[in-house]
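Accompanying notes for the structure given below.
The values are calculated or read from the model by the stated rules, or taken from the named source; none is laboratory data. Source: prediction; values computed, not measured. Don't worry about glycine lacking a Cβ; one is built from the backbone with ideal geometry, like all the others, and counts go over all protein chains shown.
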Amino acid sequence: MHGLFVLKQEQGFAGTAGKKRKARGIATSDVTMSAHTADNSIVFPQILALHVKKGAVVADITYGLGVFWRNVSKSDYQLLASDLKLGQCWKRLPYDDNSVDAVVFDPPYMEGLYRKTRQALAGSGSHESFQKAYSSGITTPAKAERKYHDAVLETYLSVLTEVKRILKPSGKFIVKCQDEVSANRQKLTHIELVWAYEHQMFYCKDVFVVVRKNAPIISRLLQQKHARKNHSYFLVFERQDHRKKIDYTNFSDWLRGND
Ligand SMILES: C[S@@+](CC[C@H](N)C(=O)[O-])C[C@H]1O[C@@H](n2cnc3c(N)ncnc32)[C@H](O)[C@@H]1O
């Protein structure tokens, strides 16, 4: 019954059982869509417009070249830009506790960017501009505990302590990620992150799929075993650890064996 009520509200019907229903809202196709064949710089402003109030303090902790912000008006948000390249590590951010309304996190997303030697880092040599845009170019310490895809996941989890320190309750945590095939195994990073962050009381409120406009050129292809990834995700999480229980779960209790 509760679910039905919520559905009617979203569809714009007001009124309680037994009373005449009155349709509200307007008919329009001008809505924010979940999938886009476009650049990050086109999709990101739409995510902000839908999920972050104008005037909010937004900490982009992997600002990089600032591509996400190219089409965002400077007067719309109070942007706090940081990046290892600018001298700040996401594990020690120069912001006060409980001081930001949203955090944006777009770390190096593929295992090839977490190698122990410079020669092995993805984008070395002729693909240097790729490395410049997507990583700090710093190698993973030889003693690092997690390797390959797990090193990517560890990065996404390692930032949570600092995010929880600076983000206000109900604040938004906007995370960019991409699935990958690592050691010939399918790794659905976006699902792993939704699951892992949920355990930390971040509710995954929205998902955006970004499809690349151009086709990648593959050198040295022997035999294709998996579809080549040409899409990535923006996941929009809401911090809910100030509540006893998060509102919704993206994994049914039945699947979790809790039912
Ligand atoms: C995928 S790029 C981000 C691109 C950015 N969103 C943009 O719009 O240009 C990843 C960024 O993470 C940064 N980075 C890597 N390790 C970091 C760390 N420990 N702390 C802060 N930034 C880091 C890199 O310098 C790089 O700029």
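For residues that are hydrophobic (A, V, I, L, M, F, W, C) and exposed (fewer than 10 other Cβ atoms within 10 Å of the Cβ), scanning just the stretch 186-242, find the one that is nearest to V159 (Cα to Cα).
Only one residue tops the list, namely A227.
In the list T37, T28, T32, which residue meets the criterion of being modelled with pLDDT under 95 and exposed (fewer than 14 other Cβ atoms within 10 Å of the Cβ)? Steps first, please.
Working: T37 fails: modelled with pLDDT under 95; T32 fails: modelled with pLDDT under 95.
T28 is the lone residue from the list that is modelled with pLDDT under 95 and exposed (fewer than 14 other Cβ atoms within 10 Å of the Cβ).
Scanning the stretch 49-81 for residues that are on the phi > 0 side of the Ramachandran plot and surrounded by 13 or more Cβ atoms within 10 Å (Cβ to Cβ) gives G64, G66.
If you filter the stretch 82-98 down to residues that are surrounded by fewer than 17 Cβ atoms within 10 Å (Cβ to Cβ) and touching a residue at least 12 places away in the same chain (Cβ under 8 Å), you find that the one that is farthest from the ligand (Cβ to nearest atom) is N98.
I'd like to know if the stretch 213-234 contains one or more residues that are in contact with a Leu (Cβ under 6 Å, 6 or more places away or on another chain) and of a type outside the set (F, W, Y). The answer is no, given that none of the residues of the stretch 213-234 is in contact with a Leu (Cβ under 6 Å, 6 or more places away or on another chain) and of a type outside the set (F, W, Y).
Tell me yes or no: at least one residue of the stretch 113-136 is at pLDDT below 95, in a helix (DSSP H, G or I) and of a type in the set (A, V, I, L, M). Please lay out each step first, then the result.
In the first step, residues of the stretch 113-136 are kept if they are at pLDDT below 95; the result is 113-136.
Next cut, in a helix (DSSP H, G or I) only: 113, 125-134.
Then keep just the ones that are of a type in the set (A, V, I, L, M); that gives 113, 133.
Yes, because at least one residue in the stretch 113-136 is at pLDDT below 95, in a helix (DSSP H, G or I) and of a type in the set (A, V, I, L, M).
This table checks each residue for (1) closer than 18 Å to H51 by Cβ; (2) in contact (Cβ under 8 Å) with a residue 24 or more places away in the chain; (3) more than 16 Å from the ligand (Cβ to nearest atom).
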site	(1), (2), (3)
L157	no, yes, no
P169	yes, yes, yes
V181	no, yes, yes
I191	no, no, yes
K205	yes, yes, yes
K213	no, yes, yes
P216	no, no, yes
K225	no, yes, yes
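With respect to A23, determine if the residue is over 26 Å from K91 (Cα atoms), at pLDDT 95 or above and out of contact with any Asp or Glu (no Cβ under 9 Å at 6 or more places or on another chain). Spelling it out, it is not the case that A23 is over 26 Å from K91 (Cα atoms), at pLDDT 95 or above and out of contact with any Asp or Glu (no Cβ under 9 Å at 6 or more places or on another chain).
For the stretch 243-259, give me each residue that is of a type in the set (A, V, I, L, M) and either surrounded by 14 or more Cβ atoms within 10 Å (Cβ to Cβ) or within 18 Å of F44 (Cβ to Cβ) (or both). Full working, then the answer.
Filtering the stretch 243-259 for residues of a type in the set (A, V, I, L, M) gives 246, 255.
Scanning the stretch 243-259 gives a single hit, I246.
Looking at the stretch 45-69, which of its residues are more than 8 Å from the ligand (Cβ to nearest atom) and within 19 Å of F208 (Cβ to Cβ)? Steps first, please.
Taking the stretch 45-69 and keeping what is more than 8 Å from the ligand (Cβ to nearest atom), we get 45-59.
P45, Q46, I47, L48, A49, L50, H51, V52, K53, A56, V58, listed by residue number.
Can you tell me how many residues within the stretch 102-111 are assigned to a strand (DSSP E or B) and among the aromatic types (F, W, Y)? Number of matching residues: 1. Going through (1) over 21 Å from S34 (Cβ atoms); (2) not in a helix (DSSP H, G or I) one by one, C204 falls short only on (1).
Results for (1) farther than 24 Å from F251 by Cβ; (2) of a type outside the set (A, V, I, L, M); (3) at pLDDT 80 or above, shown as yes or no for each residue.
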| residue | (1), (2), (3) |
| --- | --- |
| K176 | no, yes, yes |
| A183 | yes, no, yes |
| L193 | no, no, yes |
| C204 | no, yes, yes |
| S219 | yes, yes, no |
